[in-house]
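Written out below as structure tokens is the structure these notes cover.
The values are calculated or read from the model by the stated rules, or taken from the named source; none is laboratory data. Here the structure is a predicted model, which means the values were calculated and not measured. Cβ coordinates were reconstructed from backbone atoms using ideal geometry, including for glycine residues, and neighbour counts include every protein chain displayed. We work out accessible area using only protein heavy atoms, side chains counted, and drop any ligands, DNA or RNA first. Shrake-Rupley method; radii C 1.70, N 1.55, O 1.52, S 1.80 Å.
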Amino acid sequence: MRLRNNPAEAPDASPLFEDTSRVGHGAHPGGYRNQLAGPQAGGLSWSVHPVRPHVKTWLWPTAAPWHRRGKEMVDKNLDRFIPISKLKYYFAVDTVYVGKKLGLLVFPYMHENWEVSYQQDTPVAPRFDVNAPDLYIPFMGFITYVLVAGLALGTQDRFSPELLGVQASSAFVWLIMEVLAVLLSLYLVTVNTDLTTVDLLAFSGYKYVGMIVGVIGGLLFGRLGYYLSLLWCCAAIFVFMIRTLRLKLLSEAAAEGKLVRGARNQLRMYLTMSIAAAQPVFMYWLTYHLVR
């Protein structure tokens, strides 16, 4: 029979691991205490204390004004270059608006009222007015165009990530150059208009819808389908841009359908025609190599 050893008679054997479960926060294990004995004896303290609650209470009122000031400065400078608050207006769309707008971009010939609705000198959100510009359709159109371009390249065994990146970057660069050229033209002609840079970006981005239709038509029906569908979309975007921009760039008399007179109004009319005519050129330039 196995007898239990008496603790008083057990040999004083050193344990493999030192039991530190009962050591308080102020005490250290044996070896660690011996290592710190020398420096502590010399007057050095190696203890690390957490931040006390009263210290946090004292620091926060001091740092809070600097935090608010830095946040206000960042928001002010960011809103100067990227109007975040105004961008929300251009994405205030719904499914009904998107469907009507796509139909208007493809078939604008039967639409009569092209004026943007206002409420207390502020344009209503796009979901309440199909004539209001938005950034949702241009943004999604750009992404869809890149995906369709990758599909077209893949069907021709020419797909590669590098080539798809070149396709996307070239389309984006041409869009930025187009907007900058229009802004420079408006400055040179001295047109007093309420068009903003975001509005021009939205109107210039609507051509991606026709580009997608043209490439898909080419994938389904060959080059003949591409040319027919692209020709239809080019004519549609030309009419859409003319009827939309004439209310923004031309005088009130021209907007009402009266005869345009005066050198300045003639320049505005030529500028409107040039912006509208540039859309089919970009549409063909960015899609003709995707269909073979």
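Counted residue by residue at 0.36 nm each, then reduced by the alpha carbon distance between them, the extension gain from Asp194 to Val239 reaches 14.1 nm. Note on exposure: Lys88, Lys207, Lys100, Lys248 ranked by accessible area (1.4 Å probe, complete protein assembly) read Lys88, Lys100, Lys248, Lys207, with the most exposed listed first. A cut-off of 5 Å between modelled amide H atoms, ignoring neighbours fewer than 5 places along the same chain, links Val191 with no other residue. When nucleic acids and ligands are ignored and a 1.4 Å probe is applied, Ile176 ends up with an accessible area of around 60 Å². Which residues does the label zone of Phe221 cover in segment 136-166, counting backbone N under 20 Å from a point 7 Å along Cα→Cβ? Counting backbone N atoms under 20 Å from the label point, the list is 148-149, 152.
For segment 171-226, what is the convex hull volume of the alpha-carbon atoms per residue, in Å³?
Taking only Cα atoms, segment 171-226 has a hull volume of 91 Å³ per residue.
Thr95 contributes about 120 Å² of solvent-accessible surface, heavy atoms of the protein only, 1.4 Å probe.
Rolling a 1.4 Å probe across all protein chains gives Tyr284 an accessible area of roughly 100 Å². For the pair Phe172 and Tyr288, the difference between a 0.36 nm per residue extended length and the Cα-Cα distance amounts to 40.1 nm. Near Gly205, once Lys and Arg are set to +1 and Asp and Glu to -1 for all other residues with Cβ below 13 Å from its Cβ, the sum equals -1.
Heavy atoms of the protein chains alone define the surface here; on that basis segment 104-195 has 59 Å² accessible area per residue at 1.4 Å probe size. Put a dot 7 Å past the Cα of Thr122, heading toward its Cβ, do the same for Val106, and the two dots end up 3.5 nm apart. Once the Cβ-Cβ distance of Ala277 and Tyr187 is raised to the sixth power relative to R0 = 30 Å, the FRET efficiency obtained is 0.90.
Length available on full extension from Ile84 to Gln266: 0.36 nm per residue minus the Cα-Cα distance, which gives 61.9 nm.
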